[in-house]
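A quick write-up on the structure given underneath.
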Ligand code: ADP
Ligand code: ZN
Ligand code: ZN
């Protein structure tokens, strides 16, 4: 008998491939196991088995496989079904989905590089072959798969490498995860001997002439009796009214000693915290969610900022855990949502697995396996968009928090999927329930809710019945005319800031641009320095004295004079967070100013450091970009300032207004979350803009209706669907010819529903010229058929020899 397997290779080719196997291999193999196969010129891949059968391929002779890599499937059938949906809906190959879906350790190929793991020492557990590789890695820190094959004198080396990864002897080279060193807080305690009454009296007498030191000791006891908790050195300094030198003196006299505790340990003591009791509004919301879930699979929870959506989620999660099912909790960005993660970890402890693309290979493989085996450790999976690919077998609930967030959409590389939409499909495959949460739902989700496709539950009150922040619009055109601006601050904003700081409250300032200024311009000839690789002006970063491209990371030193006319009349246009920070330092020299944007959060844990510093109130005013809009929960922020609302509103995109509304409401939502009503000041040249009016009156419904009308009139989602085609190539003429050919071909079929060709606002990036076409699909036109036609045209396009080198990108639901 002859047996064959169909496999997926992790490459962007549409087809599956057939290999031959022996009868024994066929017996052993299951769908979802990996086999090592060669493909193309001597290239080895870890392929995934899709089918085992006896039909030999017609067009080619099937090659044999090299080796079976798994004892049991690493991917389950439900996943494969979901991958198939992704591949057909987003018009990409199954191989691309496979590559995106599994941890890179599963994708061994001939070019893979392995590194030694310094921590490993237990050589006794290694087989002879494994030992040979271990030894080779002592001489040379990394090896390619080819070198491993040489060491072992054979080709089939994936199983050995696989086993070495499992034994933590080596790891696959990629971005290395740097382990997080949480911030240490300095605590102080009395040396053991002085814990006896008599000794203490002695000490106080001894210190009778060192008044300050005596005061410190006495205050320490007062604090100790009042709280029973560890005492921070900082608190003692404040309460005793002494300097740190006094504490240091006491430490060197062996009276006190310092010790350190990690901040997160303090908050996260191992005992599980109980779930909070819901307030009456949350209780009502939870009840109706459960009621509606009896009939509907998807519900939108539209809850204003700080209404406590997380608490409602946790109750639902608890119920799903009780019946032994899995929960997937999607978040827009892991790094920025540590606060929610900590909250959930406090409730559910080890049941939670955080799936993070930045985790090490081994950690990811471990998480994958726990989920695959449906272990209790890992019943709740928290992750960003790529978590939809995990091997769930038994999902009961999917929560998509902040469902409107743009980061749920993957643009590059393929698959260009939307994780919210893919999660809904995934949930239905598992007969799970799906809860979408947001204070500012995306238009398409709200539309689905009003059309009764989704259920809708609202939470209109902040927890503690605190009112939503008061929003004030400030006309900066007027302020400029009256000379009431200091730099980029109006007198009104400065007044509000001084008041807040006076009350020891904290402030968040939002400016959606990083760097000092987006454009450097010569006032003599009008020239401004451009990126040599992209069609865009270089952004001025004053702190480093550099000009940088935000598209390709090109950078160069700031020139002294104009590159075109030589005069030294260089001036800046526009402003970014760096400039705001510098202005603030002059305006408020006695306060601590922090900045949160992608320049200050570079290290893997850059975010946490800033979030922690702001939480512990070491920073008084935090300036930042849209990072500040993502669900952060700071108790002491009473004022939010938006320095310039105008650029957001003028962005050339059909969603610009929707996005601007969401961003401003979310940033505003950071004010006044725990004590009293917060305050928001929005500066704009055009405060009468309808979006700003809607933000200031919290009129989501009005915004929704108005935007929806525009979408209807101009044929955009949610009425029409969009498929975007992008061509890229370094030769401008080639791209142009390609796009014109393509436009004609598409227009033949789709007529007026083809928009373009157009250039994006930055029409060359990394020396690649870019041209776009947009296909609009009317409500009644079949999506499947449309995609088929596009695919056909693509195939014809790629058959033209001159067009072959052009990159052809299809983006379904490109928004
Ligand atoms: P949202 O996600 O809706 O913006 P959160 O879930 O972050 O709101 O809740 C806002 C704040 O209110 C959090 O600090 C949370 O701990 C607190 N909170 C919400 N609901 C409750 C409750 N039922 N009991 C106690 N505290 C609550
Ligand atoms: Zn010039
Ligand atoms: Zn560039």
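The values are calculated or read from the model by the stated rules, or taken from the named source; none is laboratory data. It should be emphasised that the depicted structure is a prediction, and the values quoted were computed from it without experimental measurement. A quick note on method: Cβ atoms are made from the backbone with ideal geometry, for glycine too, and the neighbour counts reach across all protein chains shown.
Can you list the strands (runs of 3 or more DSSP E) found entirely within the stretch 456-574 that contain at least 1 residues being within 16 Å of ligand 1 (Cβ to nearest atom) and within 32 Å of the chain's Cα centre (by Cα)?
506-510
Among the residues of the stretch 212-242, write down those that are out of contact with any strand residue (DSSP E or B) (no Cβ under 7 Å at 6 or more places or on another chain), buried (at least 18 other Cβ atoms within 10 Å of the Cβ) and not in a helix (DSSP H, G or I).
Matches in the stretch 212-242: 242 only.
Determine, yes or no, whether residue 609 is closer than 19 Å to residue 339 by Cα and away from ligand 1 (no atom under 16 Å from the Cβ).
yes
Residue-by-condition table, conditions (1) touching a residue at least 24 places away in the same chain (Cβ under 8 Å); (2) buried (at least 22 other Cβ atoms within 10 Å of the Cβ):
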residue	(1), (2)
350	yes, no
377	yes, no
382	yes, yes
387	yes, yes
392	yes, yes
404	yes, yes
412	no, no
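Tell me, yes or no, whether the stretch 705-716 has at least one residue that is over 18 Å from residue 446 (Cα atoms), outside any helix (DSSP H, G or I) and not assigned by TED's automatic domain parsing to the domain that holds residue 636.
Yes: one or more hits.
Of (1) within 16 Å of ligand 3 (Cβ to nearest atom); (2) in a loop (DSSP other than H, G, I, E, B); (3) touching a strand residue (DSSP E or B) at 6+ places or on another chain (Cβ under 9 Å), residue 769 satisfies all except one. Which?
Evaluating residue 769 over (1) within 16 Å of ligand 3 (Cβ to nearest atom); (2) in a loop (DSSP other than H, G, I, E, B); (3) touching a strand residue (DSSP E or B) at 6+ places or on another chain (Cβ under 9 Å) leaves (2) as the failure.
So which residues in the stretch 173-192 are more than 28 Å from residue 618 (Cα to Cα) and at pLDDT 80 or above?
191, 192
Condition check ((1) at pLDDT 90 or above; (2) part of a loop (DSSP other than H, G, I, E, B); (3) not assigned by TED's automatic domain parsing to the domain that holds residue 758) across all residues:
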{"position": "623", "(1), (2), (3)": "yes, no, yes"}
{"position": "628", "(1), (2), (3)": "no, no, yes"}
{"position": "632", "(1), (2), (3)": "no, yes, yes"}
{"position": "640", "(1), (2), (3)": "yes, no, yes"}
{"position": "644", "(1), (2), (3)": "yes, yes, yes"}
{"position": "647", "(1), (2), (3)": "no, no, yes"}
{"position": "653", "(1), (2), (3)": "no, yes, yes"}
{"position": "658", "(1), (2), (3)": "yes, no, yes"}
{"position": "661", "(1), (2), (3)": "yes, no, yes"}
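If you check residue 79 against the conditions, is it over 25 Å from residue 143 (Cα atoms) and in contact (Cβ under 8 Å) with a residue 60 or more places away in the chain?
In short, yes.
Within the stretch 310-319, can you find the residues that are more than 11 Å from ligand 1 (Cβ to nearest atom) and either surrounded by fewer than 22 Cβ atoms within 10 Å (Cβ to Cβ) or closer than 24 Å to residue 627 by Cα (or both)?
Scanning the stretch 310-319 gives 316, 318, 319.
Read through the list (1) farther than 23 Å from residue 164 by Cβ; (2) under 32 Å from the mean Cα position of the chain (by Cα); (3) surrounded by fewer than 16 Cβ atoms within 10 Å (Cβ to Cβ); (4) touching a residue at least 12 places away in the same chain (Cβ under 8 Å), then give the number of the only condition that residue 84 fails.
It is condition (4) that residue 84 fails.
Considering only the stretch 516-548, state which residues are under 15 Å from residue 584 (Cα atoms) and either in contact (Cβ under 8 Å) with a residue 60 or more places away in the chain or within 16 Å of ligand 2 (Cβ to nearest atom) (or both).
Of everything in the stretch 516-548, just one residue is under 15 Å from residue 584 (Cα atoms) and either in contact (Cβ under 8 Å) with a residue 60 or more places away in the chain or within 16 Å of ligand 2 (Cβ to nearest atom) (or both), namely 516.
Select the helices (runs of 4 or more DSSP H) contained entirely in the stretch 88-165, then report the ones holding at least 3 residues which are exposed (fewer than 15 other Cβ atoms within 10 Å of the Cβ).
Output list reads 128-139.
If residue 526 satisfies every condition in (1) under 30 Å from residue 497 (Cβ atoms); (2) more than 16 Å from ligand 3 (Cβ to nearest atom) but one, which is the exception?
Failing condition for residue 526: (1).
Scan the stretch 298-309 for residues that are near ligand 1 (Cβ under 6 Å from one of its atoms) and touching a helix residue (DSSP H, G or I) at 6+ places or on another chain (Cβ under 8 Å) and jot them down.
Answer for the stretch 298-309, where residues must be near ligand 1 (Cβ under 6 Å from one of its atoms) and touching a helix residue (DSSP H, G or I) at 6+ places or on another chain (Cβ under 8 Å): 303, 305, 306, 307, 308.
Would you mind stating whether residue 402 is on the phi < 0 side of the Ramachandran plot and either part of a loop (DSSP other than H, G, I, E, B) or in the same structural domain as residue 608 (by TED's automatic domain parsing) (or both)?
Answer is no for this residue.
Can you tell me which condition residue 82 does not meet? The list is (1) at pLDDT below 85; (2) not in a loop (DSSP other than H, G, I, E, B), and all the others hold.
Exception for residue 82: condition (1).
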